[in-house]
Amino acid sequence: MHPSWKRAEWSFVGVLLANLASLAVIWWSDWQVHALLIAYWLEAGVVGGIYVQKISRAEGTDDPESIRAFWNIAGEPPRSYIGKPKGDILGALLEQYVVIWLLLGLFVAGPLVGALEIEPASPLTVVLITVSLVVSHIYSYWAEYLGNREYERRGPVSLLVEPAARFVALFGVVFIGGLTANLTQEPLGVVVVLIFFKTCADLFQHRRERKRVLRTHEH
């Protein structure tokens, strides 16, 4: 087995353990649905910050054939950013996601509580869940992207398109959580549904990212 594939398998396990750790924290805190949703939102912000760092460090060349996305980035096709300065690419990343992330945060932090009649989040629970989730992202950046020198092979535009799937998953999780909360008043049921869909989305996205990295080893 290729060493890079072994590392990918271990990081896959890390993603799974991070989500299980969040389940343990939410169990300890008596199933605080609101805390879980805020933590997911904060996690998305941390992931966005990591991608800013990844793009800034990227030294590889983008292959136009490998740049696939179903939507434009800041109003432009993703391939149009190939060859542009990193400052333009980072600007497109921020323009595409920061406003959306902030608006979703305002919704999750306030109106969602009243609409779903759920208990407001405990700050300690939010912090513990967020830490349990972001540790795997930070480790992956430090051990794989920097430690394995992936930045030498990754192009900035291939990194630009990756966060989109995570933001779609975040919207999906909030929607599913709201729908489930409307159907049942049992916090346990809502938490189980949220963590199940979030974990599936994380593992799917992780597989996609690792396969993209492994393809760079083949060239």
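The values are calculated or read from the model by the stated rules, or taken from the named source; none is laboratory data. Since the model is a prediction, treat every value here as computed from it, not as a measurement. Cβ coordinates were reconstructed from backbone atoms using ideal geometry, including for glycine residues, and neighbour counts include every protein chain displayed.
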- Message: With the structure loaded, tell me whether Leu133 is in contact with a Phe, Trp or Tyr (Cβ under 8 Å, 6 or more places away or on another chain), more than 15 Å from Asn19 (Cβ to Cβ) and crowded, with 19+ Cβ neighbours inside 10 Å or whether it fails that test.
- Response: no
- Number of the condition not met by Ile50 [criteria: (1) surrounded by 14 or more Cβ atoms within 10 Å (Cβ to Cβ); (2) within 30 Å of Leu23 (Cβ to Cβ); (3) out of contact with any His (no Cβ under 9 Å at 6 or more places or on another chain)]: (3)
- Message: Which of the numbered conditions does Tyr139 fail, given that it passes all the others? Conditions: (1) farther than 21 Å from Gly110 by Cα; (2) of a type in the set (Phe, Trp, Tyr); (3) touching a Leu at 6+ places or on another chain (Cβ under 9 Å).
- Response: (3)
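Consider segment 179-204. How many of its residues are among the charged types (D, E, K, R), more than 28 Å from Glu162 (Cβ to Cβ) and surrounded by 14 or more Cβ atoms within 10 Å (Cβ to Cβ)? Break it down into steps so the answer makes sense when it comes.
Restricting attention to segment 179-204, the residues satisfying the condition of being among the charged types (D, E, K, R) are 186, 198, 202.
Pick out the ones that are also more than 28 Å from Glu162 (Cβ to Cβ) and you get 186.
Checking the rest, the ones that are also surrounded by 14 or more Cβ atoms within 10 Å (Cβ to Cβ) come to none.
Selection size over segment 179-204: 0.
Among the candidates Ala58, Ala69, which residue alone is modelled with pLDDT under 90 and closer than 18 Å to Arg210 by Cα? Talk me through it step by step, then tell me what you get.
Details: Ala58 fails: modelled with pLDDT under 90.
Unique residue meeting the criteria: Ala69.
Under the condition of being of a type in the set (Val, Ile, Thr) and under 30 Å from Lys86 (Cβ atoms), which residue from segment 136-178 is surrounded by the most Cβ atoms within 10 Å (Cβ to Cβ)? Break it down stepwise before answering.
The initial filter retains those residues of segment 136-178 that are of a type in the set (Val, Ile, Thr), namely 138, 157, 161, 168, 173-174, 176.
With under 30 Å from Lys86 (Cβ atoms) added as a condition, the list becomes 138, 157, 161, 168.
Working: Ile138: 12, Val157: 26, Val161: 21, Val168: 14.
Selected residue: Val157.
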- With respect to the numbered conditions (1) modelled with pLDDT under 90; (2) more than 22 Å from Leu104 (Cβ to Cβ), which one is the sole condition not fulfilled by Ala169? (2)
- Item | segment 31-77, residues that are part of a loop (DSSP other than H, G, I, E, B) and of a type in the set (A, V, I, L, M, F, W, C) | Trp31, Ala58, Ile67, Ala69, Phe70, Trp71, Ala74
- Task: Would you mention how many residues in segment 76-86 are small (Gly, Ala, Ser) and buried (at least 18 other Cβ atoms within 10 Å of the Cβ)?
- Result: 0
- Query: Can you tell me how many residues in segment 24-34 are at pLDDT below 90, of a type in the set (A, V, I, L, M, F, W, C) and closer than 15 Å to Val173 by Cβ?
  - Reply: 1
- Taking helices (runs of 4 or more DSSP H) that fall entirely within segment 93-201, which contain at least 2 residues that are without any contact (Cβ under 8 Å) to a residue 60 or more places away in the chain? 111-116, 123-139, 163-183
- Message: I'd like to know if segment 56-75 contains one or more residues that are buried (at least 18 other Cβ atoms within 10 Å of the Cβ) and small (Gly, Ala, Ser).
- Response: yes
